[in-house]
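Colleague: Below are the structure tokens for one structure; questions will follow.
The values are calculated or read from the model by the stated rules, or taken from the named source; none is laboratory data. Please read these numbers as outputs of a predicted model, since none were measured by experiment. With ideal geometry, Cβ positions are generated from the backbone for all residues, glycine too; neighbour counts draw on all protein chains shown.
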Amino acid sequence: MKKLVLFFLIAFSFSFANAQKVVGIGFINSQDQLMNLDGLQLTIPGNVTGNVTFRLGVIYQNTGDILNQGDSLHLQLIIQGETSVNIKYTLNESLETDSLGFINLSGLQYPVSFFKDNNTWCFDITKAFRSGVEAVYNDSLCASFTVKRTNINEIQAIETNIYPNPAKDILIVDNVNNADIYIYNTLGQMVKKITNVVGSKEINVSDLNNGMYIVRIQKGESVQTKKIQIIK
């Protein structure tokens, strides 16, 4: 798999010694990019009745002693506050204290019945086996996301589209899920700000000078950026 790119910021929080804590839940898209699952809009095959592959990744922080190769973590997935899925993950390399680890769950399948229009999935590292010694924890992180059923073959993220590029007078931003849009020039100065955008938005850029700009779309800690060009 290609190197995963993190598209969201992770807020660290430190806990008691020998603890492992989930600090991020991501969806791995078709470009092997890790997108923050919280607040994401997804499409799901509408004609599937069995299981469907849901490419997830979990980021966790080791705030305790070094985890060694061969140590294991036990994760619990709570879906809609009811369904429980237990997952065992064995480390293939050591992890230093106060470092981040990544658990790739992209190969797992889930019954399509697990997915509702509005979803809340929570991950919790319940146990860690360090050199055969068991420690028990309970500190979960949740992500809420929406699902739309369409005629596709796999779960996909509904990603924001920005066009035309280059733009002249009007820039269109599609598939925005209640987010804020910022436009910055190459000096890092914010030249446009539009808040609480839902769906599609036409942005008047006729007052901007020719050149390169960065469009930043942000909802909470989830951030997407794209470089655009203005040519009059």
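Colleague: If I filter the stretch 132-144 down to residues being at pLDDT 80 or above and touching an Asp or Glu at 6+ places or on another chain (Cβ under 7 Å), which single residue comes out as surrounded by the fewest Cβ atoms within 10 Å (Cβ to Cβ)?
Modeller: Ser144
Colleague: I'd like to verify a number: residues in the stretch 184-232 that are surrounded by fewer than 13 Cβ atoms within 10 Å (Cβ to Cβ), in a loop (DSSP other than H, G, I, E, B) and of a type in the set (Asp, Glu), how many?
Modeller: Within the stretch 184-232, residues that are surrounded by fewer than 13 Cβ atoms within 10 Å (Cβ to Cβ), in a loop (DSSP other than H, G, I, E, B) and of a type in the set (Asp, Glu) number 1.
Colleague: Still on this model: Can Asp98 be described as among the acidic types (Asp, Glu), in the same structural domain as Gly24 (by TED's automatic domain parsing) and at positive phi? Give the derivation first.
Modeller: On the way: among the acidic types (Asp, Glu): yes; in the same structural domain as Gly24 (by TED's automatic domain parsing): yes; at positive phi: yes.
So Asp98 passes the test.
Colleague: Does Thr43 meet the test of being surrounded by fewer than 16 Cβ atoms within 10 Å (Cβ to Cβ) and either outside any loop (DSSP other than H, G, I, E, B) or of a type outside the set (Asp, Glu) (or both)?
Modeller: Numbers: surrounded by fewer than 16 Cβ atoms within 10 Å (Cβ to Cβ): no; either outside any loop (DSSP other than H, G, I, E, B) or of a type outside the set (Asp, Glu) (or both): yes.
The answer is no for Thr43.
Colleague: Within the stretch 129-139, identify whether any single residue is in the same structural domain as Ser94 (by TED's automatic domain parsing), over 23 Å from Gln69 (Cα atoms) and within 18 Å of the chain's Cα centre (by Cα), and answer yes or no.
Modeller: no
Colleague: Which of the residues spanning the stretch 66-88 are more than 20 Å from the chain's Cα centre (by Cα) and surrounded by 17 or more Cβ atoms within 10 Å (Cβ to Cβ)?
Modeller: Leu67, Asp71, Leu73, His74
Colleague: For the stretch 146-168, state whether one or more residues are of a type in the set (Phe, Trp, Tyr) and closer than 23 Å to Val23 by Cα.
Modeller: no
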